[in-house]
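Scroll down for the structure; my scribbles are underneath it.
The values are calculated or read from the model by the stated rules, or taken from the named source; none is laboratory data. These figures come from a predicted structure and were not determined experimentally. Glycine also receives a Cβ, built like all others from the backbone with ideal geometry; neighbour counts cover every protein chain displayed. What goes into the accessible areas is simple: the full protein's heavy atoms, side chains included, and nothing from ligands, DNA or RNA. Shrake-Rupley method; radii C 1.70, N 1.55, O 1.52, S 1.80 Å.
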Amino acid sequence: MGKVYVFDHPLIQHKLTYIRDLNTGTKEFRELVDEIATLMAFEITRDLPLEEVEIETPVSKATAKVLSGKKLGIVPILRAGLGMVDGILKLIPAAKVGHVGLYRDPETLKPVEYYVKLPTDVEERDFILVDPMLATGGSAVEAINSLKKRGAKNIKFMCLVACPEGVEAIKEAHPEIDIYIAALDEKLNEKGYIVPGLGDAGDRLFGTK
Ligand code: PRP
Ligand code: URA
């Protein structure tokens with residue numbers, strides 16, 4: 001059974017407050033999303049497997065640890081997930097990056113897939129699927145379907161702001177998935193926006209309307 005982790009580290013909470021603020025402009029919003037993604041990546045990678053290697057320090061021989069196994073796959077859900085990629089790559093620069101392109105139909109709120117490209121060896125690779133927002137959960141559920149359909153077996157979902165409806169949707173469709181969030185907000189409004197949320201993450205990141 002998957003778990004839900006809320007990263008309520010003071011630095012994350014502080015930065016989140018500023019991305020929620022409607023007076024925060026595109027440049028600052030983008031920088032803060034990047035910084036929060038880095039902080040979350042530090043936590044989410046806590047259980048990465050290690051292996052021992054023999055090295056020689058300037059003083060003596062030593063047995064030390066390095067990451068083992070296939071390189072991680074980071075998969076942003078386009079387009080807003082792109083804002084989190086560089087922040088994660090700061091800590092895991094050798095990770096592979098895939099993309100899942102989905103948009104939410106504004107009328108039905110249902111996700112529409114328009115692009116998928118993943119790294120090779122999908123079956124053996126661990127994936128972190130990223131999107132700043134988990135609202136109805138439709139996009140995340142569909143993106144996870146898309147990864148699984150192509151053979152992915154180990155997927156974590158990471159987002160900045162979630163609401164209970166979205167968390168429940170993932171739990172129902174993909175009960176084994178661990179979900180990592182920076183804040184669990186109150187609810188969805190009638191237009192499918194998270195309350196209080198931060199508005200449209202893609203528009204705020206890219207300065208569109
Ligand atoms: C936003 C957000 C998520 C989705 C969440 O993307 O980045 O992908 O909505 O909503 P859901 O949980 O109800 O599916 P949007 O569809 O606005 O596309 P964009 O990233 O291209 O702006
Ligand atoms: N997508 C967003 O960007 N914001 C929301 O509040 C809900 C979905």
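Here the convex hull built on the C-alpha positions of region 4-206 has a volume of 129 cubic angstrom per residue. Look at the dipole of the chain built from charges on Cβ: of 69, 98, 44, the Cα furthest out on the positive end belongs to 98.
The figure for residue 15 is an accessible area of roughly 40 square angstrom, using a 1.4 Å probe on the protein chains alone. Spin-label pair residue 206-residue 105: with each label point 7 Å from Cα along the Cα-Cβ axis, the two points sit 2.0 nm from one another. Accessible surface ranking for 120, 45, 1.4 angstrom probe, highest first: 120, 45. Here the accessible area of region 4-206 is 53 percent carbon and sulfur, with a 1.4 angstrom probe and all protein chains present.
Calculated FRET efficiency, residue 31 to residue 68, Cβ-Cβ distance, R0 = 45 Å: about 0.85 to the nearest 0.05. About the centre of its Cα atoms, region 4-206 shows a dipole size close to 420 debye [charges on the beta carbon of Lys, Arg (+1) and Asp, Glu (-1) only; nearest 20 debye].
Take region 4-206 with all the other protein chains still there, run a 1.4 Å probe, and you get 52 Å² of accessible area per residue. Subtracting the Cα-Cα distance of residue 115 and residue 55 from 0.36 nm times their residue separation leaves 17.3 nm of extension gain.
A full extension of the chain between residue 14 and residue 42 corresponds to an added length of 8.4 nm, given 0.36 nm per residue minus the alpha carbon distance.
Counting heavy atoms of the protein chains alone, residue 123 has an accessible area of about 100 Å² for a 1.4 Å probe. Heavy-atom accessible area for residue 133, with the other protein chains in place and a 1.4 Å probe, reaches approximately 40 Å².
Principal-axis analysis of the Cα atoms of the chain puts helix 10-20 at an angle of about 30° to the longest axis. Remark: for residue pairs 27/156; 65/117; 149/191; 61/90; 3/153, the C-alpha separation exceeds 26 Å in 27/156; 65/117; 149/191; 61/90.
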